[in-house]
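Notes to accompany the following structure.
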Amino acid sequence: MMRQHTRVLGWLLAVLVMAGFTALGLWQLQRMHAKQAMLDAQGPAVAQALPLAQALAAPGALHGVADHGRFLPGVVLLDNQTR
């Protein structure tokens, strides 16, 4: 009797873990589509580059920014840069 009880609990746990990983996979797909939509909307914004002061005036919109600057001495490491 105890072995059958343990087997049912094991299968229940396995199904719950599969459902959890499926939900996480769907969440990642939603993030992918949202980020792709943001990148697609950025295409026209890059063509119309604005000065930095004008781009900062509208923080909610995507803008291409044209500005100049200089690098500080030393090593700068950027994380999670795919492009």
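The values are calculated or read from the model by the stated rules, or taken from the named source; none is laboratory data. The model shown is predicted, which means the values in this text are computed figures rather than measured ones. Here the Cβ positions follow ideal geometry from the backbone for every residue, glycine too, while neighbour counts run over all protein chains shown.
Within segment 51-73, restricting attention to residues that are assigned to a loop (DSSP other than H, G, I, E, B) and hydrophobic (A, V, I, L, M, F, W, C), the residue that is nearest to residue 41 (Cα to Cα) is 62. With respect to being of a type in the set (S, T, N, Q), at pLDDT below 95 and surrounded by 10 or more Cβ atoms within 10 Å (Cβ to Cβ), residue 42 fits the description. Evaluated against (1) modelled with pLDDT under 75; (2) within 26 Å of the chain's Cα centre (by Cα), residue 1 falls short on exactly one condition, (2).
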